[in-house]
Amino acid sequence: MERENIFGMRVYEQRKKRRLLQKELGEKVGLSGKAISTIESGMRGTSFDKLVELAYFFQVSTDYLLGITDDPTWRGGQEEGTD
C-alpha cells in the first residue's frame, strides 16, 4: 500500500505558515536546507529526535506531523527559552 507524503506535506505547511525558507527551518532544528527539501518532497523521513525537534519548534503533536491525527494541538510544555 502506497502512503501519501503526509509528513512532508505537514512540515511544508507549518514552514510556510511561519514564512521560513527551508534553510532557515533546517538551521532551527539542526538539519540542512537540503534535508528539509527531501523531507517535504517525501524522498526521506527523519529520525525520532528530529521529529520531536520539529514538533517542538512548530508546537504541534508528533501524531499530527505523522498523519495519525488531524488535530495539531500541542500537548507538551513550552520549549526552554520561549515565552
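For this structure, a couple of remarks:
- Unique residue being part of a loop (DSSP other than H, G, I, E, B) and under 12 Å from the mean Cα position of the chain (by Cα) when the list is L31, L25, L51, L65: L31
- Within region 35-47, the set of residues being free of Cβ contacts under 8 Å to residues at least 12 places away in the same chain, in a helix (DSSP H, G or I) and in contact with a helix residue (DSSP H, G or I) (Cβ under 8 Å, 6 or more places away or on another chain) comprises just one member, A35.
- Between G33, G76, the distinction of being touching a Gly at 6+ places or on another chain (Cβ under 9 Å) and surrounded by fewer than 20 Cβ atoms within 10 Å (Cβ to Cβ) belongs to G33 only.
- Test result for Q14, free of Cβ contacts under 8 Å to residues at least 60 places away in the same chain, farther than 15 Å from Y64 by Cβ and buried (at least 17 other Cβ atoms within 10 Å of the Cβ): no
- Filter result for S41 (touching a Gly at 6+ places or on another chain (Cβ under 9 Å) and among the hydroxyl-bearing types (S, T, Y)): yes
- Taken over region 60-72, the residue count meeting the criterion of being free of Cβ contacts under 8 Å to residues at least 24 places away in the same chain and either aliphatic (A, V, I, L, M) or closer than 18 Å to E27 by Cβ (or both) is 1.
- Region 25-62, residues that are at pLDDT below 95 and of a type in the set (D, E, K, R): R44
The values are calculated or read from the model by the stated rules, or taken from the named source; none is laboratory data. Because the structure is predicted, anything quoted here is derived from the model rather than measured. All Cβ positions, glycine included, derive from the backbone under ideal geometry; neighbour counts span all protein chains shown.
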